[in-house]
Amino acid sequence: MLYADLRGFGDTSEPTLVEVLREFLSALGVAHGRIPESANGAAALFRSLTADRRLLVVLDNARDSQQVRPLLTSGRRCVTVVTSRHRLPGLIVTDTARLVAVDVFDPQDGTMLLAEVLGEERVRAEPAAARRLAELCGGLPLALRVAAARLAQRPSWSLAAMAAELSDESRRLSLLDVEDTGVRAALRLTLQQLPRDVSDLFAHLGCHPGTHVDRYTAAALAGTDPRAAEASLERLTVAHLVTETAPGRWTMHDLVRLFARSLDAGPDGLTRVIDHYIATALAAIAAAEPGNEDCFPLLAHYSSPAATREFTDRSAAVAWYTTERNDLVQAVSAAHTAGLHDRTWRIVMTLWPLMVWRVRDGWVPLLKTGLEAARADADRYGEARVLNVLGWVLTEEGHIAEALTHLEASSALASRAGDTVAEANALIALALAQAALGSLDSAAQGCERAVGLARKAGDRGLERLAMQHLARHQADAGKWREALDTATEALAFDDRSATADIPRILLLIVRGEALFELGNEAEGIAQLDMVAREAESSGNEDGAVRALGALLRASPRAALQTRYDAALARLTTPS
């Protein structure tokens, strides 16, 4: 076996090619005086001598493919193992190398490594703390060995105490350094090997409040364009500083993320990425709910991203919301913590389509954060809008008394501000709470007022929404002819037959129920069956539950019950 440390990542200089070849040739029995002085000559002799040998060559800590290639053997019985912090794709292309990725340890293997250093008795005495240590080290062998070294130096210190220390993110990296070695030192050396634009983007990734980025998010963080950001992300992937978890979607190991956050990337990264999320969510709303009013006016000092993701249809927008939900919620928290109140409530409001689609997903804490931010921003417009959505969600959750308090406040704020659109929205939501208490006449009257306000504002979409709720309240009161007339009038506003927007689906449900109750049973059942399938195919679980429920009441069948149960399970299971 031949071994060479190529020192591609370290503080000491790399050995020259001739130095490595001389060591190899000497180990193969070549006399010092017969070793060629030139690198080409030494490499040729090395290939010649290894052509017929059975040999293992280990090239450790390689910087790149170019450093390795002259040291590859020519014999079929030779095996060369190359280790590197980079993936070295060049060797795969030109030398048919096979990539073997070495993953981090799972908690069980991490615990075993701790036991090797500390002894099994010490680890067995605190199994939960040992597992927690392995988790806090993220399964990185280097981090685990540093943690074990610290514990080995202090025999009286418990594993639980060490785990408690590492739980503090602000100190974790410093605790995982020993003398000149450790996680931070290793990451710094890796970063130093990268071009300046790549290392700059890595530093900006530390400003990201979530866990995953795409090329648009990375571009917004670094203030560049998506194409350049993607190229840098690919370089960081090769260097194992980020991991591509799905096509076009990257994440960092927890310790790598802490290291990135320790770098100075300037003060504006968080603001840029929040504005990027706002811009993208507005584009998603436009695709998913065409014709709806803007959530809010953009800020005068809004940082427009260089490029924004485009959504071809509703399904693409829904997919983006579903994928990005956790990061959007984390962005809200980060903006609020940073005192970016004007952006905090705005990004909360951009989530309203997801709240409509999955209303029982526990949105109240997030909306209360948005409300607190709007009040801190002294923005009455924002406060009224957030109160409206909060009241509606509370109504859906069955907290009617609290909902009424918020919705009445929202209506009053909007009325004082002369914001007829916000007032109409508040009246619609207030009517839902009143209906939940059995006050269907009051609910219908509130919706009629909302229809008038929408007409005054010239907002046809809002007028249609108010009529949709009015039709629902009329139907629930058994006023089927009025409900049919209201629903039919609202459906005639414009041709939305090619869309699956929520108000249209709910209007069709009312129309189908009314037709059935008024004696046109066949047409009513056909209407309900059509809208149920439309809601199911578009991912509108709430609409599917409502339509299938109405269909079951009209025509109970086992197959319908199965579909209803499946839609209800999807609706009530947190995403």
Fill in: Computed over segment 212-315, Kirkwood Rh from alpha-carbon pairs, angstrom
15.0 Å
Response to the item:
Low-density loop trypsin sites (Lys or Arg not before Pro), segment 96-148, at most 13 other Cβ within 10 Å, DSSP non-H/G/I/E/B, are R98
Fill in: Environment charge at L371 (Cβ cut-off 13 Å; Lys +1, Arg +1, Asp -1, Glu -1)
0
Item to complete: Any chance you could get the radius of gyration and Dmax over the Cα atoms of segment 139-221, in Å?
Response: 16.0, 50
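Around L176, what is the net charge, scoring Lys/Arg as +1 and Asp/Glu as -1 over all other residues with Cβ under 11 Å from its Cβ? Write out the running numbers ahead of the final one.
Working: positive: R145, R150, R171, R172, R184; negative: E165, D177.
So the surrounding residues net to +3.
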Fill in: segment 355-435: relative contact order as a whole-number percent, Cα under 8 Å and 6+ apart
28 percent
Worksheet, complete the sentence: Residue-normalised 222 nm signal for the chain, counting each DSSP H run of n ≥ 4 as -39,500 (n - 2.57), nearest 500 deg cm²/dmol, is -20500 deg cm²/dmol
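Can you tell me the dipole magnitude for segment 354-451 around its Cα centre, using point charges on the Cβ only (Lys, Arg +1; Asp, Glu -1), in Debye to the nearest 20?
Details: 8 positive and 13 negative charges, 18 e Å.
In total the dipole reaches around 80 debye.
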Worksheet item: Which whole-number percent gives the relative contact order of segment 403-504, counting Cα pairs below 8 Å spaced six or more residues apart?
Response: 20 percent
Worksheet entry | At q = 0.20, 0.22 Å⁻¹, base-10 log of I(q)/I(0) for segment 1-145 (Debye sum, equal scatterers on each alpha carbon) | -1.12, -1.26
Worksheet item: Per 5 Å bin, what is the whole-percent P(r) computed from every C-alpha pair distance within segment 473-575?
Response: 2, 14, 24, 24, 20, 11, 4, 1
Item to complete: Towards the positive end of the charge dipole of segment 156-267, with charges on Cβ (+1 Lys, Arg; -1 Asp, Glu), say which of A229, V198, S156 has the farthest Cα.
Response: A229
Worksheet item: Which GluC sites (Glu not before Pro) in segment 135-204 pass both tests, a DSSP loop state and at most 14 other beta-carbon atoms within 10 Å?
Response: E179
Worksheet, complete the sentence: Answer check: the chain, Cα atoms, Kirkwood Rh, Rg/Rh ratio of 1.12
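Using only the Cα atoms, what convex hull volume per residue in Å³ does segment 326-452 have?
91 Å³
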Fill in: Kirkwood-Stokes translational diffusion coefficient of segment 400-466, alpha-carbon pairs, 25 °C, 0.890 mPa s, µm²/s
212 µm²/s
Worksheet item: Taking the alpha carbon gyration tensor of segment 267-316, what are the square roots of 5 times its eigenvalues, largest first, to the nearest whole Å?
Response: 22, 13, 7
Response to the item:
Taking the convex hull of the alpha-carbon atoms of segment 205-246 and averaging its shadow over every direction gives an area in square nanometres of 2.8 nm²
Worksheet item: Stokes-Einstein D for segment 374-415 at 4 °C, 1.567 mPa s, Kirkwood Rh over Cα pairs, in µm²/s?
Response: 129 µm²/s
Practice prompt. Averaging sequence separations of C-alpha pairs under 8 Å and six or more residues apart, then dividing by the length of the chain, give the relative contact order as a whole percent.
Written response: 7 percent
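Can you work out the FRET efficiency for the pair E402 and A376, with r the C-beta to C-beta distance and R0 = 25 Å, to the nearest 0.05?
Once rounded, the FRET efficiency stands at 0.75.
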Worksheet entry | Within-13-Å neighbourhood charge of G339 [Cβ basis; K, R +1; D, E -1] | -2
Response to the item:
Per the charge dipole of segment 1-111 (beta-carbon charges, Lys/Arg positive, Asp/Glu negative, Cα centre), the residue among V82, A39, L6 reaching farthest to the positive end is A39
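Since every read-out is calculated from the coordinates, none of them should be taken as a lab result. Note that the coordinates shown come from a computational prediction; the quantities given were computed from them, not determined experimentally. Virtual Cβ from ideal backbone geometry, glycine too; neighbours counted across all protein chains shown.
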